[in-house]
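The next block holds one structure in the form of structure tokens; read it before the comments.
Computed from the coordinates by the stated procedures, all read-outs in this text should not be read as laboratory data. Please read these numbers as outputs of a predicted model, since none were measured by experiment. Counting neighbours? That spans all protein chains shown, and the Cβs are built from the backbone with ideal geometry, glycine included.
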């Protein structure tokens, strides 16, 4: 948009803040790999695919990005993990599973080698840090969707 200026704010903690609207206005056919992954979430299991070199991808990869080989070996990983990187969401979307500010985080689940993106329920940016431990909070009613994991929360509670 010509003439629009990005409003960047310098926060007291030294971080930068800028508005961002992220959405995906399409539907995707899942296929067998993602259908299995989401079905396992509905059953309170987190599964990923394992490459020949032992790397575990969560969410699962259909093909090894290094070799192009199909990935057909499945493994279950832990419900807890480590925050690799995060960004604060000060205003939740209307249809978000969390109704208060939260963090988006790349979470390396125990047993996985590739982090997954999910929400972390935290009171403020002061409660978030790279390297912190988090655990999955399962939705009360689960369907085969990523929202079967309602969010993650700091492992201390």
Residue 43 versus residue 5, label points 7 Å from Cα toward the beta carbon: distance in nm? 5.6
Where in the stretch 123-149 does the label zone of residue 12 land, with the point 7 angstrom along Cα→C-beta and an amide N cut-off under 15 Å? 124-127
Between residue 140 and residue 99, how many nm apart are label points set 7 Å from Cα along the C-beta direction? 1.2
Computed over the chain: longest principal axis from alpha-carbon atoms vs helix 31-42 long axis, angle to nearest 10 degrees, is 70
Order 41-52, 59-70, 102-113 from most to least packed using the mean count of other Cβ atoms within 10 Å. 102-113, 41-52, 59-70
Taking a point 7 angstrom from the Cα of residue 84 along the C-beta vector, which residues in the stretch 139-157 have backbone N less than 17 Å away? 152
Shape call for the stretch 64-157 from the C-alpha gyration tensor, a ≥ b ≥ c root eigenvalues: rounded (a/c under 1.5), prolate (a/b greater than b/c) or oblate? prolate
Cα pair distances in the chain, grouped into 10 Å bins until the bin that holds the longest one, percent each: 10, 34, 34, 17, 5, 0
Neighbour-count ranking for 132, 116 (other C-beta within 10 angstrom, fewest to most) reads 132, 116
When only C-alpha pairs under 8 Å and at least 6 residues apart count, what is the relative contact order of the stretch 30-154, in percent? 25
Mean Cβ count within 10 Å, highest first, over the residues of peptides 8-21, 87-100: 87-100, 8-21
Using just the helices of the chain, give the 222 nm mean residue ellipticity in deg cm²/dmol: DSSP H runs with n ≥ 4 each add -39,500 (n - 2.57), and the total is spread over all residues, rounded to 500. -2500 deg cm²/dmol
